[in-house]
Amino acid sequence: MRRAIVRAVMIVTVVAFASPFAVSAQAKAKGAPQSKREFPSFFLVPQVHYGAPLEAAAGAALLVPTRPWHCEDGLCGGPGLELQAMAGIGGWRVAGGATTTGFPFWTDAIVTLTRTGSTPRRASPESTYLGAEGGFAFPVSVIGQSFVTIRPSVGFARRLDGEGPGSERTTFTWNVGVGLMLPKF
């Protein structure tokens, strides 16, 4: 089971990190003309999540493009950085890493720092974990000109500080989040 989880996390991480290079190479190879439209310099995505170890949590993600966007096949996007912060019943978490956006879809591979509270899900209480996570967000609805997205993610985290059973030293992390992609586009 653990080998399958590690393999899944590795595949998501490789895909998330390779995607920016594939999009960039594809745009250069085709010599696609750049759109004259102005694109946002960042997206703010308020989110609510449920998963392990935070259980129910709320926070936000900030998506910042690192290169000009390219528009092809009805999607506009490119590589960028993602920063996340959230707090929940089981503790709090900050994260950051690489993202690839094909608006309104995005994939990410992020490094997480989690501090658990007294009642985390499947982790040691009052502990600090460092981990990696990969996710994929997709739209499910539109409110005005903003997209409602769902972002499932999986990963792992290793306990750096705190005490608990040896079985909780490395823990499987997961969550499913619902977010509202802002600003209006």
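All of the numbers you see were taken from the coordinates with simple rules; none came from a lab. Source: prediction; values computed, not measured. When we count neighbours, we look across all protein chains shown, and the Cβ atoms used for this are built from the backbone with ideal geometry, even at glycine.
Overview of values
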item: Between region 148-176 and region 78-108, the Cα center-to-center distance that results, in Å; result: 15 Å
item: Footprinting exposure proxy for Phe136, Phe103 (fewest neighbouring C-beta atoms within 10 Å first); result: Phe136, Phe103
